[in-house]
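S.K.: Okay, handing you the structure first.
Laboratory data are not the source of any read-out in this text; all were calculated from the coordinates shown. On a predicted model such as this, the values are computed, not experimentally measured, just so you know. A quick note on method: Cβ atoms are made from the backbone with ideal geometry, for glycine too, and the neighbour counts reach across all protein chains shown.
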Ligand SMILES: [Zn+2]
């Protein structure tokens with residue numbers, strides 16, 4: 001598809017989620033996938049090698065119908081590679097915006113994008129939030145992990161907008177004690193409240209009557225972690241507002257957003273191709289499988305049939321609300337428990353996992369379990385075998401954070417055992433988990 005037609009289609013789609021018909025979206029996806037595969041073949045060493053090993057050339061992929069011929073890629077496949085292997089030739093990897101991992105994903109992976117790609121993906125996220133009623137001048141508070149602005153992501157348009165006070169967006173650090181977060185939100189009085197599901201749920205439970213009266217956002221949107229029905233209800237009751245769930249990831253920004261009418265999730269079909277597969281084959285509506293996605297707008301560091309490690313229930317090919325997007329019914333993504341410590345602290349798991357990731361560059365994948373109040377285990381799969389000094393250093397810094405009353409133990413494994421349900425419980429507390437007692441075999 002010529003560049004100007006891609007740009008026009010995308011611009012029109014971003015202005016309104018109902019601008020394009022299903023037929024137009026499908027034609028766009030076929031054309032864009034062909035371009036992506038040719039680009040990855042010609043310019044990205046990792047994909048060239050992968051396709052060659054599987055005997056695939058760009059001619060074999062005429063559109064989305066041929067997607068199943070392409071091999072899957074997991075985080076593990078990309079983790080040990082250099083930026084030059086996974087980014088496109090001709091793109092200066094040092095100039096790309098790099099997304100650091102917070103640690104709460106369970107598997108760190110640096111994601112790189114150009115400035116333009118970053119704007120574009122953010123625009124797709126904003127389109128989703130607009131469907132919930134977000135207005136340009138809304139005061140928005142986000143309860144999550146603050147990330148320092150990458151200087152490569154700070155150009156003149158953003159600086160000019162900041163000068164006039166836009167966007168009216170404040171990040172409230174979710175690693176702070178919950179009462180501090182509640183106080184800060186009461187000062188901000190956001191018109192739109194957003195954040196990671198677990199933190200907003202705790203804020204909702206902690207807010208007293210006076211605070212609830214002050215906190216009256218028009219709507220709440222959450223993401224990053226599994227939102228259970230009980231959590232949704234309690235957040236909604238506390239703030240007197242509807243709660244919507246957005247399914248996102250570092251690699252894709254937004255993948256799907258909850259429909260206001262049907263409660264299914266609209267897949268962002270004009271941004272990516274999302275497949276729900278079991279044993280590499282797509283599942284039928286109502287069935288569960290693993291999420292595999294291909295970004296149609298990430299060319300600097302492509303993601304092609306990338307395994308997100310999440311489990312979803314496939315929905316219908318169009319939504320009952322009349323939107324031109326396909327749907328998924330539910331997503332069982334990451335579950336992260338807060339940890340209660342013997343000294344009385346209630347700690348967000350990202351605080352500990354952030355320390356882990358910063359102090360163990362050798363780490364591939366990991367899970368943290370608080371077995372008892374005074375015992376925390378980290379099960380880790382190394383990318384390269386760590387030295388005894390590296391292990392001792394990690395244990396020292398994590399133990400220093402947890403305090404002398406907690407015994408911290410590190411176990412190195414070749415691979416992590418899967419949860420029977422297929423969920424990713426990155427941080428789990430056996431002392432008390434909001435996710436315990438949920439029937440996972442049925443959609444929720
Ligand atoms: Zn819908």
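S.K.: For segment 337-429, what does the alpha-carbon gyration tensor say about shape, rounded, prolate or oblate, given a ≥ b ≥ c as the root eigenvalues, a/c under 1.5 as rounded, and a/b over b/c as prolate? The partial results should precede the final answer.
M.R.: Numbers: a/c = 1.91, a/b = 1.13, b/c = 1.68.
Cα axes put segment 337-429 in the oblate bin.
S.K.: Hey, another quick one. For every helix of n ≥ 4 consecutive DSSP H residues, a contribution of -39,500 (n - 2.57) applies; sum these over the chain, divide by its total residues, and give [θ] at 222 nm rounded to the nearest 500 deg cm²/dmol.
M.R.: Numbers: 13 runs with 140 residues, N = 444.
That calculation yields -9500 deg cm²/dmol at 222 nm.
S.K.: Another question, then. From the square roots a ≥ b ≥ c of the eigenvalues of the alpha-carbon gyration tensor of segment 32-113, which class results: rounded (a/c under 1.5), prolate (a/b over b/c), or oblate? Walk me through the numbers on the way to the answer.
M.R.: Working: a/c = 2.07, a/b = 1.57, b/c = 1.32.
Verdict is prolate for segment 32-113.
S.K.: Ok, one more. Taking the Cβ of each residue in 362, 201 as the centre, tally the other Cβ atoms inside 10 Å and list the residues starting with the fewest. Let's see the in-between values first.
M.R.: Numbers: 362 15, 201 24.
Fewest-to-most ranking of 362, 201: 362, 201.
S.K.: Sort 140-146, 159-165, 49-55, 9-15 by packing, meaning the average of other beta carbons within 10 Å per residue, with the highest value first.
M.R.: Those peptides, ordered most packed to least, come out 140-146, 9-15, 49-55, 159-165.
S.K.: Can you list the residues of segment 128-148 with backbone N under 20 Å from a point 7 Å past the Cα of residue 183, pointing along Cα to Cβ?
M.R.: Label zone hits: 141-146.
S.K.: Can I ask one more? Shape call for segment 133-241 from the C-alpha gyration tensor, a ≥ b ≥ c root eigenvalues: rounded (a/c under 1.5), prolate (a/b greater than b/c) or oblate?
M.R.: It comes out prolate by the Cα gyration axes.
S.K.: Let me ask something additional. For the residue pair residue 156 and residue 42, what label-to-label distance in nm results when each label sits 7 Å from Cα along the Cα-to-beta-carbon direction?
M.R.: 3.0 nm
S.K.: Another question, if that's okay. What FRET efficiency comes out for the pair residue 395/residue 21, r = Cβ-Cβ distance, R0 = 60 Å, nearest 0.05? Walk me through the intermediate numbers first.
M.R.: Working: r = 57 Å, r/R0 = 0.96.
According to the calculation, E is roughly 0.55.
S.K.: Determine, from the Cβ-Cβ distance of residue 430 and residue 358 and an R0 of 22 Å, the FRET efficiency 1/(1 + (r/R0)^6), rounded to the nearest 0.05.
M.R.: Working: r = 26 Å, r/R0 = 1.17.
The formula returns an efficiency of 0.30 here.
S.K.: Can you give me the distance in nm between label points at residue 7 and residue 212, each placed 7 Å from the Cα along the Cα-to-Cβ direction?
M.R.: Computed distance between label sites residue 7 and residue 212 equals 5.2 nm.
S.K.: By counting other Cβ atoms within 10 Å of each Cβ, how are 137, 301 ranked from fewest to most?
M.R.: Details: 137 9, 301 24.
Neighbour counts put them in this order, fewest first: 137, 301.
S.K.: Still on this structure: At a 10 angstrom cut-off on C-beta neighbours, averaged per residue, how do the peptides 314-325, 30-41 rank from highest to lowest?
M.R.: Working: 314-325: 17.2, 30-41: 19.2.
By packing density, highest mean first, the sequence is 30-41, 314-325.
S.K.: May I pose another question? Please tell me the relative contact order of the chain in percent, rounded to the nearest whole number, where contacts are Cα pairs under 8 Å and at least six residues apart. All intermediate terms of the calculation are to be shown ahead of the outcome.
M.R.: On the way: 818 pairs, mean separation 62.1, N = 444.
Normalised by residue count, the contact order of the chain is 14 percent.
S.K.: In addition: So for each of 392-403, 188-199 I average, over its residues, the number of other beta carbons within 10 Å; can you give me the resulting order with the highest mean first? Intermediate values should be presented prior to the final figure.
M.R.: Numbers: 392-403: 15.8, 188-199: 23.0.
Put in order of decreasing packing, that is 188-199, 392-403.
S.K.: OK, next. Cut-off 12 Å, label point 7 angstrom out along Cα-to-Cβ of residue 405: give me the residues of segment 338-363 whose amide nitrogen falls inside.
M.R.: What the label zone holds, given the 12 Å backbone N cut-off, is 340-346.
S.K.: Let's test the formula: R0 of 41 Å, r as the Cβ-Cβ distance of residue 169 and residue 60. What FRET efficiency results, to the nearest 0.05?
M.R.: 0.40
S.K.: Could you give the length gained on full extension between residue 278 and residue 412, defined as 0.36 nm per residue of separation minus the Cα-Cα distance, in nm? Could the numbers behind the result be given before it?
M.R.: Values: separation 134, 0.36 × 134 = 48.24 nm, distance 2.86 nm.
Full-extension gain reported as 45.4 nm.
S.K.: Given points 7 Å out from each Cα along the Cα-Cβ axis, report the residue 77 to residue 139 separation in nanometres with one decimal.
M.R.: With each label placed 7 Å out from Cα toward Cβ, I get 4.8 nm.
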